[in-house]
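Visitor: Before anything else, here's the structure in question.
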Amino acid sequence: MKTVFAVTVLLGVLVVVFGSPVTKERPARGYFYGSTEKILPMNFAHDDHVPVNCVECHHNYIDNTGGGLCMSCHVTDAAVWPQLENQFHDLCRGCHAEKAALGEDGGPPRACMACHLGDDLP
Amino acid sequence: MKALYATFGAVFLLTFLSAPTMGAGWFWDAGNGLGFAAYAGLLYLTITSSRRLDVRAHQVLGYGVLFVAVAHAFWFMLGDAAVVEFMKLGAPDYMWHGIVSMLLLGILITVALVPDRFRFHRDYPAFRYWHRVVAVATIGTATYHIAVSNFYLGAWYQSLLLVLLALAVTFGREYWAKLGQLGVAKATAYVAISVVCAAIFAVVRNLPT
């Protein structure tokens, strides 16, 4: 049993280090959107979100915290970027979950890979 | 088997208390269903160890729980390439708690076996004490992993009930002992129930509404 468990843990470590041998596509961390640290790529189907009020996401339109794209602050501002993961997960997942709970057409929260392939990938 | 059904029922019903049909796709929900099944198995192992214990049955069921927990982890690690990014330095603390819980469960089982047990524990009471301490830590980290990841326990009272359930199972030994002698379910039965519950969990959350 010890050996089986040790081999299982080793396999787990190998999958974490080298990635899944099963999935065809893997997200690769990189310096995306001007980030100063390596982050995961993200995609966002802007056209699918047209019915959502802009300021639901673009808070800077009303709170005067900047005028650029989301990433121009969220991956570059030293005071903000450490919160990138939490903020975007909460925003995206929270909105999808809220809509699903209300029975509104928003699509469910989804698997990680659905958002973490770059826009230039299939 | 009644205690096993009751434990599975409590854990899975708790996940359905709010937004019961909200899912994240078949793959995601089935994998998390396995995770909840592993958690139910962990609680069941604790409940049934409160009385005179069939050590061999407890041990074999422990293998079953570890198997389902490992299946939960590898399901995501192999099936969604982005998940491993959540298992590296900088990952959210609830993921680290899940990893630690899994490792503790493995250690809990392997170190309990002779002859390794003799290497770590000088006598049986010492083994019982430390086995229980590690079991409490395993349940605690698994509870944190579920409650704080917040994927299915969207309402505050669900997280509260999960914590209360874990506390009741962990520290209610005197009460569980009064329930009398209950046989420990077979590992095959536990794994089968786990697969069925994970499937139901995914079906309920993914059928068109």
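Visitor: What is the sum of charges, Lys and Arg at +1 and Asp and Glu at -1, for the other residues whose Cβ falls under 15 Å from the Cβ of B:Val133?
Guide: Counting the neighbours of B:Val133, the net charge comes to +4.
Visitor: So which aspartates and glutamates can A:Lys2 reach, going by Cα to Cα under 16 Å and dropping same-chain residues fewer than 8 places off?
Guide: B:Asp116
Visitor: A further question follows. For chain B, the longest stretch holding no trypsin sites (Lys or Arg not before Pro) located in a DSSP loop with at most 10 other Cβ atoms within 10 Å is which?
Guide: It works out to B:123-209.
Visitor: Relative to the Cα centre, what is the charge dipole magnitude of chain A, using +1 at the beta carbon of each Lys and Arg, -1 at the beta carbon of each Asp and Glu, and rounding to the nearest 20 debye?
Guide: 760 debye
Visitor: In what sequence do A:Ser72, B:Ser149 fall when counting other Cβ within 10 Å, fewest first?
Guide: Final ranking by Cβ density, sparse to dense: A:Ser72, B:Ser149.
Visitor: Provide B:Ile200, B:Ile107 in ascending order of the number of other Cβ atoms located within 10 Å of each residue's Cβ, fewest first.
Guide: Placing the least packed residue first, the sequence is B:Ile200, B:Ile107.
Visitor: On average, how many beta carbons from a partner chain sit within 10 Å of the beta carbon of a residue in B:173-180?
Guide: If you average over the peptide's residues, the count of other-chain Cβ atoms is 0.
Visitor: On a 20 Å Cα-Cα criterion, which of the cross-link pairs B:Lys2/B:Lys186; A:Lys38/B:Lys88; A:Lys38/A:Lys99 come out too long?
Guide: In this structure, A:Lys38/A:Lys99 exceed 20 Å between Cα atoms.
Visitor: Let me ask something else about it. Based on DSSP H assignment, which helices of chain B show an axial Cα extent of at least 24 Å together with a mean Kyte-Doolittle hydropathy greater than or equal to 1.0?
Guide: Within chain B the helices that satisfy the rule are B:55-79, B:93-110, B:187-206.
Visitor: Here is a further query. Checking the cross-link filter: which aspartates and glutamates have an alpha carbon closer than 15 Å to that of A:Lys24, excluding same-chain neighbours under 8 positions apart?
Guide: B:Asp80
Visitor: Now a separate question. Using a Förster radius of 41 Å, what is the FRET efficiency between B:Phe118 and A:Ala114 based on their Cβ-Cβ separation? Nearest 0.05, please.
Guide: Calculated transfer efficiency: 0.25.
Visitor: For chain A, which span is the longest to avoid every loop-located (per DSSP) member of trypsin sites (Lys or Arg not before Pro) having at most 12 other Cβ atoms inside 10 Å?
Guide: A:39-122
Visitor: May I ask for the angle, rounded to the nearest 10°, between helix A:2-18 and the longest principal axis of chain A, with both axes built from Cα atoms and the value confined to 0 to 90°?
Guide: 40 degrees
Visitor: Does anything in segment B:32-58 have its amide N under 14 Å from the 7 Å Cα→Cβ label point of B:Ala10, and if so which residues?
Guide: Answer for this model: B:39-50.
Visitor: On a 0 to 90° scale, report how tilted helix A:84-101 is relative to the longest principal axis of chain A, with both axes built from alpha carbons and the result rounded to the nearest 10.
Guide: 80 degrees
Visitor: Can you give the percent of C-alpha pairs in chain A whose distance is more than 19 Å?
Guide: 60 percent
Visitor: With unit charges on the beta carbon (Lys/Arg positive, Asp/Glu negative), name the residue among A:His59, A:Thr8, A:Tyr31 whose Cα is farthest towards the positive pole of the charge dipole of chain A.
Guide: A:Thr8
Visitor: Chymotrypsin sites (Phe, Trp or Tyr not before Pro) within segment A:7-80: which are DSSP loop residues with at most 13 other Cβ atoms inside 10 Å?
Guide: A:Tyr31, A:Phe44
Visitor: Same structure, new question: Order of B:Asp116, B:Asp123, A:Asp47, B:Asp54 from fewest to most other C-beta atoms within 10 Å?
Guide: A:Asp47, B:Asp123, B:Asp116, B:Asp54
Computed from the coordinates by the stated procedures, all read-outs in this text should not be read as laboratory data. Source: prediction; values computed, not measured. Neighbour counts are summed over all protein chains in view; Cβ atoms, including those assigned to glycine, are modelled from backbone coordinates with ideal geometry.
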